[in-house]
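Asks: Got a structure for you, questions after.
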Amino acid sequence: MLDDVVATVFPSPRSYTGDDTVEISCHGSPYIQQALLQALLDSGARLAEPGEFTRRAFLNGKLDLSQAEAVADLIDATNAAAHSLALSQLRGGYAQELAQLRQQLVDLTALLELELDFSDEDLQFADRSHLLSLVSLTSSRVCALRQSFRMGNALKRGIPVAIIGRPNAGKSSLLNALIHDNRAIVSDIPGTTRDTIEETFTIDGTPFRIIDTAGLRHSDDPIETLGIHRTISTVAQADIILYVLDATQPFSHALDDLQELQNIRSFSDKHLFIVNNKIDLLPDLPLAPSRTFPLSAKEGSGLEALTAALVNTVRTDLAQSPDVMLTNARHYEALGHVDQALLHVAKGLADGLPADLFVVDLRDALYHLGTITGQVTTDEVLGNIFSRFCIGK
Ligand SMILES: Nc1nc2c(ncn2[C@@H]2O[C@H](COP(=O)(O)OP(=O)(O)OP(=O)(O)O)[C@@H](O)[C@H]2O)c(=O)[nH]1
Ligand SMILES: [Mg+2]
């Protein structure tokens with residue numbers, strides 16, 4: 001006698017995995033759990049591998065591969081936005097979008113293969129301009145999905161926000177104030193921060209990944225110069241830039257810096273906020289241009305307006321994003337192959353090439369699409385995906 005337990009029987013296929021399943025609920029003592037587990041092992045059971053339950057569910061057709069990956073995302077979700085993305089992927093809105101894409105590709109392939117079957121007779125069954133418009137329709141859906149990855153991935157990992165500005169402007173102080181922690185070293189020595197410092201935090205369910213950087217200036221110190229290069233690449237990857245300036249310094253410095261920043265690739269696509277820091281040192285509030293945020297990182301005043309603007313910016317971007325969003329790097333890559341293959345098909349059709357020269361590209365597109373949902377998989381891919389899960393999931 002070990003314990004009084006409840007055993008719940010789930011007959012196949014109405015269980016999570018689709019197999020016959022029994023769940024044993026025992027009392028919570030770790031000793032009882034261990035003893036029970038040992039008794040089961042002694043009777044011939046074995047421990048599940050990481051992700052084995054979800055892997056079985058996939059193999060039994062209970063969910064497709066993209067949904068299985070959503071289970072892992074759901075388990076990893078640390079904020080409301082990531083949670084709702086994972087949930088919508090699990091619920092299948094995304095799987096439906098992929099299924100429609102697949103159907104379009106299958107229809108196209110069928111039309112072209114028909115032409116191939118009769119190629120000796122030099123017949124063309126479908127009007128090529130019609131085929132071309134079908135291909136470009138499919139292409140544009142693939143492109144829209146790929147474009148949503150930037151936002152989808154940012155929501156999952158945190159929207160990248162770079163804090164930049166001259167040395168001593170108070171960048172590290174701002175980071176600390178935003179995350180309510182003394183994460184970065186603050187000092188009155190210019191050039192204190194030499195490497196980028198990254199922290200994630202959530203405001204109203206929206207995740208941000210905030211990156212403090214080395215101050216922008218021309219320096220003879222090789223380490224500081226490396227840090228400044230890193231600052232530039234951080235800016236290139238960020239969606240939102242917080243340019244911090246010291247309110248006691250002339251505004252013209254900021255204008256010079258902002259002029260120079262325009263050279264960074266796609267800088268104009270980013271949201272730029274100008275933070276007018278150290279207002280506690282001024283006798284009056286400065287007359288600043290709109291879209292600047294007067295605040296004191298030291299005293300914490302003015303922070304709410306900035307955080308509210310951050311959240312609003314993301315919400316506005318989100319409202320313009322498609323309902324179905326790509327969040328998974330593996331899928332992004334696969335859709336890149338689909339996109340390439342479709343480009344070849346479109347070119348072949350436009351150039352009037354015989355169908356056999358680009359039907360292979362269509363099959364290629366179908367293959368890569370199939371790797372997302374799991375219609376085509378290798379053990380290696382499955383192993384990779386399910387090893388991310390923990391035991392018991
Ligand atoms: N009075 C006042 N001082 C501030 C404020 N914010 C920062 N400071 C001071 O300014 C100095 C520089 O602050 P940091 O946060 O280290 O500045 P930084 O921009 O990270 O500087 P580097 O890392 O050297 O580029 C420190 O002495 C801070 O205490 C503020 O709002 N008011
Ligand atoms: Mg600093």
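Asks: Scanning the range 361-392 for residues that are open to solvent by 80 Å² or more (accessible area, probe 1.4 Å) and either assigned to a loop (DSSP other than H, G, I, E, B) or more than 30 Å from LYS62 (Cβ to Cβ) (or both), which turns out modelled with the lowest pLDDT? Break it down into steps so the answer makes sense when it comes.
Replies: Here is the first cut: in the range 361-392, the ones open to solvent by 80 Å² or more (accessible area, probe 1.4 Å) are 363, 367, 375, 379-380, 384, 388, 391.
Filter again for either assigned to a loop (DSSP other than H, G, I, E, B) or more than 30 Å from LYS62 (Cβ to Cβ) (or both), leaving 375, 388.
Details: GLN375: 83, ARG388: 77.
Looking at residues that are open to solvent by 80 Å² or more (accessible area, probe 1.4 Å) and either assigned to a loop (DSSP other than H, G, I, E, B) or more than 30 Å from LYS62 (Cβ to Cβ) (or both), I get ARG388.
Asks: Looking at this structure, is GLY165 open to solvent by less than 30 Å² (accessible area, probe 1.4 Å) and either more than 30 Å from ALA346 (Cβ to Cβ) or within 13 Å of ligand 2 (Cβ to nearest atom) (or both)? Show your work before the answer.
Replies: Numbers: open to solvent by less than 30 Å² (accessible area, probe 1.4 Å): yes; either more than 30 Å from ALA346 (Cβ to Cβ) or within 13 Å of ligand 2 (Cβ to nearest atom) (or both): yes.
Taking the combined requirement at face value, the residue satisfies it.
Asks: Right, something else. Answer with yes or no whether THR192 is out of contact with any helix residue (DSSP H, G or I) (no Cβ under 6 Å at 6 or more places or on another chain), open to solvent by less than 80 Å² (accessible area, probe 1.4 Å) and in a strand (DSSP E or B). Before the answer, list the steps.
Replies: Values: out of contact with any helix residue (DSSP H, G or I) (no Cβ under 6 Å at 6 or more places or on another chain): yes; open to solvent by less than 80 Å² (accessible area, probe 1.4 Å): yes; in a strand (DSSP E or B): no.
It is false that THR192 is out of contact with any helix residue (DSSP H, G or I) (no Cβ under 6 Å at 6 or more places or on another chain), open to solvent by less than 80 Å² (accessible area, probe 1.4 Å) and in a strand (DSSP E or B).
Asks: Say whether the condition of being in contact (Cβ under 8 Å) with a residue 12 or more places away in the chain, in the same structural domain as GLY170 (by TED's automatic domain parsing), farther than 26 Å from GLU299 by Cα and within 16 Å of ligand 1 (Cβ to nearest atom) is met by at least one residue in the range 195-214. Step through it out loud before you land on a result.
Replies: So in the range 195-214, the residues in contact (Cβ under 8 Å) with a residue 12 or more places away in the chain come out as 195-214.
The next check asks that each one be in the same structural domain as GLY170 (by TED's automatic domain parsing); those that pass are 195-214.
In the following step, the residues that additionally are farther than 26 Å from GLU299 by Cα were identified as none.
No, the range 195-214 contains no residue that is in contact (Cβ under 8 Å) with a residue 12 or more places away in the chain, in the same structural domain as GLY170 (by TED's automatic domain parsing), farther than 26 Å from GLU299 by Cα and within 16 Å of ligand 1 (Cβ to nearest atom).
Asks: Does the range 314-346 hold any residues that are more than 28 Å from LEU108 (Cβ to Cβ) and open to solvent by 20 Å² or more (accessible area, probe 1.4 Å), and which are they? Lay out the reasoning, then the answer.
Replies: Step one: filter the range 314-346 for residues more than 28 Å from LEU108 (Cβ to Cβ), giving 314-320.
Across the range 314-346, the qualifying residues are ARG315, THR316, ASP317, LEU318, ALA319, GLN320.
Asks: Please work out if LEU287 is out of contact with any strand residue (DSSP E or B) (no Cβ under 7 Å at 6 or more places or on another chain), open to solvent by 40 Å² or more (accessible area, probe 1.4 Å) and modelled with pLDDT under 90.
Replies: Values: out of contact with any strand residue (DSSP E or B) (no Cβ under 7 Å at 6 or more places or on another chain): yes; open to solvent by 40 Å² or more (accessible area, probe 1.4 Å): yes; modelled with pLDDT under 90: yes.
When the stated conditions are applied, LEU287 passes them.
Asks: Next question. Taking the range 212-263, which residues are open to solvent by less than 50 Å² (accessible area, probe 1.4 Å), polar (S, T, N, Q), part of a helix (DSSP H, G or I) and under 23 Å from ASP188 (Cβ atoms)? Lay out the reasoning, then the answer.
Replies: Step one: list which residues in the range 212-263 are open to solvent by less than 50 Å² (accessible area, probe 1.4 Å), which gives 212-216, 219, 221, 224-225, 227-228, 231, 234-236, 238-247, 254, 257-258, 261.
Now restrict to residues that are polar (S, T, N, Q): 213, 219, 225, 231, 234.
From the residues that got through so far, the ones that are part of a helix (DSSP H, G or I) too are 225, 231, 234.
THR225, THR231, listed by residue number.
Asks: May I ask you to list the residues in the range 212-242 that are under 16 Å from LEU175 (Cβ atoms) and more than 14 Å from ligand 2 (Cβ to nearest atom)?
Replies: Residues satisfying the conditions are VAL235, ALA238, ILE240, ILE241.
Asks: I'd like the full set of residues that are part of a loop (DSSP other than H, G, I, E, B) and open to solvent by 80 Å² or more (accessible area, probe 1.4 Å), limited to the range 347-360. Write out each step before concluding.
Replies: Step one: of the range 347-360, the residues part of a loop (DSSP other than H, G, I, E, B) are 351-354, 358.
Within the range 347-360, ASP351 is the sole residue that qualifies.
Asks: OK, next. In the range 215-264, what count of residues is obtained for those that are over 30 Å from MET151 (Cα atoms), within 16 Å of ligand 1 (Cβ to nearest atom) and not hydroxyl-bearing (Ser, Thr, Tyr)? Give the derivation first.
Replies: Taking the range 215-264 and keeping what is over 30 Å from MET151 (Cα atoms), we get 217-225, 246-253, 256.
With the extra rule that they be within 16 Å of ligand 1 (Cβ to nearest atom), the set shrinks to 217-221, 223-225, 246-249, 253.
Narrowing the set further to residues that are not hydroxyl-bearing (Ser, Thr, Tyr) leaves 217-218, 220-221, 223-224, 246-247, 249, 253.
Of the residues in the range 215-264, 10 are over 30 Å from MET151 (Cα atoms), within 16 Å of ligand 1 (Cβ to nearest atom) and not hydroxyl-bearing (Ser, Thr, Tyr).
The values are calculated or read from the model by the stated rules, or taken from the named source; none is laboratory data. Please read all numbers here as calculations on a predicted model, not as lab measurements. Ideal geometry is used to build each Cβ from the backbone, glycine not excepted, and the neighbour counts take in all protein chains shown. Please note that ligands, DNA and RNA were not included when accessible areas were found on the heavy atoms of the full protein model with its side chains. Shrake-Rupley method; radii C 1.70, N 1.55, O 1.52, S 1.80 Å.
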